[in-house]
Amino acid sequence: MDTSQLLRGVLPTAVLAAVASGDTHGYSILRTLRDAGLTHVGDASVYGTLLRLYGEGLVSTHLEPSE
């Protein structure tokens with residue numbers, strides 16, 4: 001079975017579920033997805049999905065200075 005098509009279909013929903021609890025960052029989202037069993041998800045896929053979700057107005061962003 002080609003899991004890339006399945007992943008492409010569920011990734012936006014999985015990312016939205018990962019950010020539903022509040023502010024987070026890309027690396028944390030990636031870890032959450034991998035811990036949930038999406039072990040084959042790539043960094044670029046997550047960041048690309050976040051960009052698309054941002055463009056659709058489904059997620060927002062803000063900058064915070066590092067410590």
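The requirement of being touching a helix residue (DSSP H, G or I) at 6+ places or on another chain (Cβ under 7 Å) and hydrophobic (A, V, I, L, M, F, W, C) is not satisfied by ALA20. When the stretch 38-52 is filtered for residues that are surrounded by 15 or more Cβ atoms within 10 Å (Cβ to Cβ) and more than 10 Å from the chain's Cα centre (by Cα), only LEU38 remains.
FYI, it's all coordinate maths here, none of it is from the lab. Predicted model, so just to flag it, every value in this text is computed and none were measured. Cβ coordinates were reconstructed from backbone atoms using ideal geometry, including for glycine residues, and neighbour counts include every protein chain displayed.
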